[in-house]
1. Go through (1) open to solvent by 20 Å² or more (accessible area, probe 1.4 Å); (2) touching a Ser or Thr at 6+ places or on another chain (Cβ under 8 Å) and name the single condition residue 338 misses.
2. Pull up the range 100-113, narrow it to residues that are out of contact with any Ser or Thr (no Cβ under 9 Å at 6 or more places or on another chain) and part of a loop (DSSP other than H, G, I, E, B), then point me to the one that is most open to solvent (accessible area, probe 1.4 Å).
3. Residue by residue through the range 429-440, note down the ones that are assigned to a loop (DSSP other than H, G, I, E, B) and closer than 22 Å to residue 398 by Cα.
4. Among the residues of the range 85-99, are any at pLDDT below 80, of a type in the set (A, V, I, L, M) and either in a loop (DSSP other than H, G, I, E, B) or open to solvent by 70 Å² or more (accessible area, probe 1.4 Å) (or both)?
5. Pairs, please: C-beta under 8 Å, at least 6 apart or cross-chain, first residue farther than 16 Å from residue 362 by Cβ and basic (Lys, Arg) and in the range 306-333, second modelled with pLDDT under 95 and open to solvent by 70 Å² or more (accessible area, probe 1.4 Å)?
6. Can you list the helices (runs of 4 or more DSSP H) lying wholly within the range 441-513 that have 1 or more residues being at pLDDT 50 or above, under 16 Å from residue 428 (Cβ atoms) and of a type in the set (Val, Ile, Thr)?
7. Can you go through 54, 79, 23 and tell me which one is at pLDDT 75 or above and farther than 30 Å from residue 102 by Cβ?
Amino acid sequence: MPGKTKETMEIREMLRRFQQGQSNRSIARDLGINRKTIDRYRAWADEQGLLEESLPSLGDLHHLLEETLNNASPPQNTSTVEPYRDLVEKLVKGGVEIAATHERLKERGYTGSYASVYRFVRHLEPCDPDVTVRVETRPGEEAQVDFGYAGKMIDPETGELRKTWAFVMTLSWSRHQYVEFVFDQKVETWLRLHRNAFAFFGGVPKRVVIDNLKAAIVRACWDDPQVQQSYRECAEHYGFLIAPCRPATPRHKGKVEKGGVHYVKRNFLGGREATTVPQANRDVRRWANTTAGYRVHGTTKEKPLERFQLEHAKLKPLPNAPYDIAVWKQVKLHRDCHLIFEQVYYSAPFRLVGQQLWVRGGTRDVQIYTTDYQLVATHTRARKPGRRVTHLDHMPPHKVPGLILTRETCRQQASEVGPRTRKVVDVLLDHRPEDRLRTAGRLLRLGDRFGHERLEAACARALRFDDPAYMTIKRILEQGLDAEEVPSRPASPSRPMTFARKAEELVGHVMGGVSWK
């Protein structure tokens, strides 16, 4: 009897579809019944007046079938794929797609359709229905974020079309949303969008649900510890919890999945001519506060902006100051005591050379930390690529003098020591073609070692002997000769110039005189 009941139920379903006006082809496709069998049952139903009247109960239909169809065979439900069952089961178990399974069957003589193979595979293993449980939240409790590709818009700086990304944050209770278009998916862009969204709403939800798969920045939130640190700091500043979806489960943020980028594309961007990003952002903000805000939402059956009037009071208040967008990166300190952050060189203590350091780049300052988050340096942030920002106390002490050495500082320091030292330094700096700036610097450092008075005396002695060289002055100091009295320069005796031969003998061959012997 159970088998008969199943057959009667199938016939009753067929009759219901007859009354709805469905074609034999569509009924055959949906129910997997041979079209000739459907033709026969349609003719029978027409004879019995079942195409227009209400359908009889299963019991009455069963008796009617017994009395009028002369024990006709039930609808043929045997699939054309049945002879190939073993092969299909093997292919399905091996993970072969249905389209490929259809091709493999055709290679073995199968002439049926792809739809028949699809229905057969679908019924091989009964599965539980895909049940969705809707989770509703209280006002101010949650916002969901969607971030995806939004086509191309005009870059106002170049006038060219560029790929654009849409950021959508939807408040889960009211469905009010913030939308902004951007050209990139950088960390600082991601953080700035959150700051702008919270300012738009005038408050902060308790948690923010983000997708794990859509945009690169969202995916990186949990794959890249540098992005994690930046986003965590943003969350701590505003006081919201980060709630990432499980991978491949967009339904966990369904409130923004359909009403986010997809809705923006269908409604706001649909049929719209390309404009600049600033213009599009002005337009989409107006759209969010009019078209999107005052539509009757399909789920809540209310207007998002009207519900937002209640939800706004439940949002957490904004902090006293907006978030200082900060990007964290881990970089290496190179041998020159500088690391590279955003194409700018920043110094850090030389004792950390070769180590990995954390850099926190804010809008105003750049802070450098050790891996255990001990602050070791703070710089004013530079924006020009290639610039070097250096604190001299980060350099090895013996390297600092050479870094600050200039011709002007050399002459100034030499004058502070004494006039003889200044004269020696002038001789060194005026020398050509070699540049003796560093030599002058080493000379001045002798004053740190031996004292300024001794250096001045050594320079005076060197000048007296016409030998103002660095090595000469250094030897004078090392041998203590600077303490000896400098002798006065003796006068050179004047002697008449004499020649061994007479002038006539030297130039006589020119003047026609005697020859040179």
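The values are calculated or read from the model by the stated rules, or taken from the named source; none is laboratory data. Here the structure is a predicted model, which means the values were calculated and not measured. Cβ sites come from the backbone with ideal geometry, for glycine too, and all protein chains shown count toward neighbours. The protein model used for the area step is the full one, side chains on, heavy atoms only, and it has no ligands, DNA or RNA in it. Shrake-Rupley method; radii C 1.70, N 1.55, O 1.52, S 1.80 Å.
1. Evaluating residue 338 over (1) open to solvent by 20 Å² or more (accessible area, probe 1.4 Å); (2) touching a Ser or Thr at 6+ places or on another chain (Cβ under 8 Å) leaves (1) as the failure.
2. 108
3. 435, 436
4. no
5. 314/138; 316/206; 332/355; 332/356
6. Of the helices (runs of 4 or more DSSP H) lying wholly inside the range 441-513, those with at least 1 residues that are at pLDDT 50 or above, under 16 Å from residue 428 (Cβ atoms) and of a type in the set (Val, Ile, Thr) span 470-478.
7. Selected residue: 54, the only one of 54, 79, 23 that is at pLDDT 75 or above and farther than 30 Å from residue 102 by Cβ.
Conditions tested, residue by residue: (1) surrounded by 16 or more Cβ atoms within 10 Å (Cβ to Cβ); (2) in contact with a His (Cβ under 7 Å, 6 or more places away or on another chain).
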residue	(1), (2)
308	yes, yes
319	no, yes
345	yes, yes
351	no, no
366	yes, yes
